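What follows is a set of notes on a single structure, which appears directly below.
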Amino acid sequence: MNLIKRYWLTALASIVALVVFVTPFIFIILMAVKDRQQAALRDMSWPINFQLVENFLAVVQARDYMLITAYINSTILTVGSVTILVIVASMVGFVLQRHPTKWTPVVEFFVMAGLMIPPAVVPTIWLLQGIGLFKTLHGMILIEVAYNMSFAVILYRQFVATIPREMDEAAIIDGAKPLDVFFRVVFPMMWPVTVTNIVVQSVGIFNDFVNPLYYLPGRGNETVQLTLYSFQSQFNTQYNLLFMDILLVTIPPLLVFLFFNRQIVAGLSAGAIKG
Amino acid sequence: MTTVALDTPKATSTPKALRKDLRYPSWFYLPAGTIYFILFLVPTVASLYFSLTRWTLFNSTFIGLENFQQFFREPFLFQSLINTVIFAVITSGAKVVLGLLLAVLLTSNIALRGFLRSVVFFPVLVSVIGVGITFTVLMHPTQGLINTSLEAIGIDGPGWLTDPRLALFSVALVDIWRGVGLATVIYMAGIVSIPQDYYEASRIDGARPIQQFFLITVPLVRPAMVTVIILSFIGGLRLFDLVWAMTRGGPGFASDVMASVIYKQYQAGFYGLSTAGNVVLFMLIACLAVPLAIFLNRREVNQ
């Protein structure tokens, strides 16, 4: 009796979870392929006219191919900032774990501060203007590096602890210079956590809306997330196109998810066990 | 080339105790530290000054605490402060509880487990703005799918985002939908690390599943729970994009939170006031989240 009750309970919970989490995505897909009149109804009906290609082209062409520009901008932003992040954060994580000094608590404090303190928006704009990086992709890349540094450092630091010190020492004895020890011995061994970092940070930076909204305004500077924002007001009568855009913006994270599910989960749940 | 020339004589002449420093060079901190210092620390420190000024980006007039006074005097600004705390408490509370229940469900032997895990986690990776727009459409008072479905079973659905008393909670609901997957995977990592022996031993002693849950799973999953609480609480305090995509803080100021007020004041050109908002949000996190983190971590040590 108890067993049957439990079985039904888990089955019911599974079904509820399935409905709650899957329905919105089915809705997005259906809306994206409908024609304009049917999409205006905003219901769950099966599309009468499949307009996958037409809607796709219409969204891509909207506002002088804004979506293409946005994809290029987002790609540069994501690749650029993740590359810099991986290099500089791994260096910090390595030295921080290997060589504790009286300054280590200070560094740790700044790492925690970077995780918790909300960035001061207007002073940052003022500063970026002062050094000529406001409204530029370079500036935006450096901002993403600065804001995501703490998390990247934490991931690296945890992982360096699992690499035996003997590795560095053996390299030193073999005559390697400090830079070689790091870049040719330790860094290659950190590859698993580097993959985790790349995947987690790229998804985060690609999906970032707030920071480009503040620091990268202006025509031609749109990132993918900002196209959604501007299409939201422009397409409020063309729901099919709005949802086609949502679908297109969702595809890159979906691909990453399909291929790197394990690394993402590992990265995001790091610290769950140690606290 | 020059570095090599400088390095060699030094390395031979340094005593062995100092060689350790050479192996783990302190300048490795420099690239990361420079970026962090200039783009994060300098603005943060500068915000403390600029929050005390009337500011046009080109010149600033010192006006003391007037911006902060305004923050606590203007009802709609103060309301955003209250909303932020309500929002953070509701969303983190729900993620802590629902995340744990989902994690228990998804680590037990159920059909479609792998698929369910993916389905629960995927919203975490999706664009927040996309999620916000989708739910704004789903929550439309008359044509939204949620209310038409409720109507079909005879319930008169509320104006999720149009009712001022409800708007903030509707946004919170969507934030829970979007973020519970993250809490779930963190819990799952914690649950998987609990030794199976405990469950077996308790089963032999006649413990029922509900007892196992409260006496084994909950206490032993504590580190994960602490992570979930702190992450989602700080996330809730800082949230901006979802509110902006769904309600723009409306109707009226009913769903305004600190981060949306900061943006609105920035757009309106009140840079000093906007920066003061930033400082208030910073204080809020410092006064609520930091003591919470310290408290939760201390109890862990004592156990």
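The values are calculated or read from the model by the stated rules, or taken from the named source; none is laboratory data. Keep in mind that what you see is a predicted model, and the values were worked out from it rather than measured. Every residue, glycine as well, gets a Cβ built from its backbone with ideal geometry; the counts of neighbours run over all protein chains shown. Note: areas computed on protein heavy atoms with side chains; ligands, DNA, RNA excluded. Shrake-Rupley method; radii C 1.70, N 1.55, O 1.52, S 1.80 Å.
Computed quantities for the displayed model
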{"item": "The stretch A:38-62, residues that are over 14 Å from B:Gln143 (Cα atoms) and in a helix (DSSP H, G or I)", "result": "A:Leu52, A:Val53, A:Glu54, A:Asn55, A:Phe56, A:Leu57, A:Ala58, A:Val59, A:Val60, A:Gln61, A:Ala62"}
{"item": "Residues being in a strand (DSSP E or B) and touching a Phe, Trp or Tyr at 6+ places or on another chain (Cβ under 8 Å) - total across the stretch B:37-60", "result": "3"}
{"item": "Search result, residues across the stretch B:200-221 that are without any contact (Cβ under 8 Å) to a residue 12 or more places away in the chain and assigned to a helix (DSSP H, G or I)", "result": "B:Glu200, B:Ala201, B:Arg203, B:Ile204, B:Pro209, B:Ile210, B:Gln211, B:Phe214, B:Pro219"}
{"item": "Identity of the residue in the stretch A:163-175, outside any helix (DSSP H, G or I) and either within 32 Å of the chain's Cα centre (by Cα) or touching a residue at least 60 places away in the same chain (Cβ under 8 Å) (or both), that ends up surrounded by the fewest Cβ atoms within 10 Å (Cβ to Cβ)", "result": "A:Pro164"}
{"item": "Meets criteria (over 30 Å from B:Met283 (Cα atoms) and more than 11 Å from chain B (Cβ to nearest Cβ)) for A:Ala161", "result": "yes"}
{"item": "Neighbours by Cβ (under 6 Å, 6+ apart or cross-chain): first from the stretch A:227-251, more than 9 Å from chain B (Cβ to nearest Cβ); second aliphatic (A, V, I, L, M) and open to solvent by 20 Å² or more (accessible area, probe 1.4 Å)", "result": "A:Leu241/A:Ala58"}
{"item": "Exclusive hit being under 15 Å from B:Leu242 (Cα atoms), free of Cβ contacts under 8 Å to residues at least 24 places away in the same chain and among the β-branched types (Val, Ile, Thr), set B:Thr134, B:Thr142", "result": "B:Thr134"}
{"item": "Test result for A:Phe257, more than 13 Å from A:Arg63 (Cβ to Cβ), modelled with pLDDT of 80 or more and open to solvent by less than 40 Å² (accessible area, probe 1.4 Å)", "result": "yes"}
{"item": "Any chance B:Ala289 is surrounded by 15 or more Cβ atoms within 10 Å (Cβ to Cβ), in contact (Cβ under 8 Å) with a residue 24 or more places away in the chain, at the interface with chain A (Cβ under 8 Å from one of its Cβ atoms) and over 17 Å from B:Phe71 (Cα atoms)", "result": "yes"}
{"item": "Exclusive hit being surrounded by 13 or more Cβ atoms within 10 Å (Cβ to Cβ) and within 9 Å of chain A (Cβ to nearest Cβ), set B:Val85, B:Val104, B:Val119", "result": "B:Val119"}
{"item": "Index of the failed condition, A:Asp64 passing every other in (1) in contact (Cβ under 8 Å) with a residue 60 or more places away in the chain; (2) within 25 Å of A:Asp208 (Cβ to Cβ); (3) open to solvent by 20 Å² or more (accessible area, probe 1.4 Å)", "result": "(1)"}
{"item": "Checklist (1) in contact with a helix residue (DSSP H, G or I) (Cβ under 6 Å, 6 or more places away or on another chain); (2) assigned to a helix (DSSP H, G or I); (3) more than 10 Å from chain B (Cβ to nearest Cβ); (4) open to solvent by 20 Å² or more (accessible area, probe 1.4 Å) applied to A:Ile84, failing item", "result": "(3)"}
{"item": "Scan of the stretch A:100-154 for residues that are open to solvent by 40 Å² or more (accessible area, probe 1.4 Å), among the β-branched types (Val, Ile, Thr) and either farther than 26 Å from B:Pro25 by Cα or more than 9 Å from chain B (Cβ to nearest Cβ) (or both), ordered by number", "result": "A:Val106, A:Ile131, A:Ile154"}
{"item": "Check on A:Met91, in a helix (DSSP H, G or I) and surrounded by fewer than 17 Cβ atoms within 10 Å (Cβ to Cβ)", "result": "no"}
{"item": "Check on B:Arg203, among the basic types (Lys, Arg) and within 30 Å of B:Ser51 (Cα to Cα)", "result": "no"}
{"item": "Unique match (being at the interface with another protein chain (Cβ under 8 Å from one of its Cβ atoms) and of a type in the set (Val, Ile, Thr)) among A:Val265, A:Val199, A:Val193", "result": "A:Val265"}
{"item": "Residue list for the stretch B:190-199, filter: within 10 Å of chain A (Cβ to nearest Cβ) and assigned to a helix (DSSP H, G or I)", "result": "B:Gly190, B:Ile191, B:Val192"}
{"item": "Residue among A:Pro123, A:Pro105, A:Pro118 that alone is in a loop (DSSP other than H, G, I, E, B) and under 30 Å from B:Leu292 (Cα atoms)", "result": "A:Pro118"}
{"item": "Wholly enclosed helices (runs of 4 or more DSSP H) of the stretch B:83-174 bearing at least 3 residues under 24 Å from the mean Cα position of the chain (by Cα)", "result": "B:113-121, B:128-138"}
{"item": "Which listed residue, of B:Arg117, B:Arg73, is over 28 Å from B:Asp256 (Cα atoms) and charged (D, E, K, R)", "result": "B:Arg117"}
{"item": "Flag for A:Phe182 being in contact (Cβ under 8 Å) with a residue 12 or more places away in the chain, more than 30 Å from B:Gln267 (Cβ to Cβ), surrounded by 22 or more Cβ atoms within 10 Å (Cβ to Cβ) and within 24 Å of the chain's Cα centre (by Cα)", "result": "no"}
{"item": "Residues within the stretch A:215-226 that are open to solvent by 10 Å² or more (accessible area, probe 1.4 Å) and either at the interface with chain B (Cβ under 8 Å from one of its Cβ atoms) or of a type outside the set (Lys, Arg) (or both), tallied", "result": "6"}
{"item": "Candidate set: the stretch B:45-83, residues that are modelled with pLDDT under 85 and among the small types (Gly, Ala, Ser); chosen: the one farthest from B:Cys287 (Cα to Cα)", "result": "B:Ser60"}
{"item": "Hits in the stretch B:27-81 - residues which are within 14 Å of chain A (Cβ to nearest Cβ), open to solvent by 60 Å² or more (accessible area, probe 1.4 Å) and among the aromatic types (Phe, Trp, Tyr)", "result": "B:Trp27, B:Phe37, B:Tyr49, B:Phe58"}
{"item": "Top-ranked residue in the stretch B:215-231 [being under 26 Å from A:Met116 (Cβ atoms) and in contact with a Phe, Trp or Tyr (Cβ under 8 Å, 6 or more places away or on another chain); ranked as most open to solvent (accessible area, probe 1.4 Å)]", "result": "B:Met225"}
{"item": "Filter result (closer than 20 Å to A:Gln232 by Cα and open to solvent by less than 10 Å² (accessible area, probe 1.4 Å)) within the stretch B:251-286", "result": "B:Ser255, B:Asp256, B:Ser260"}
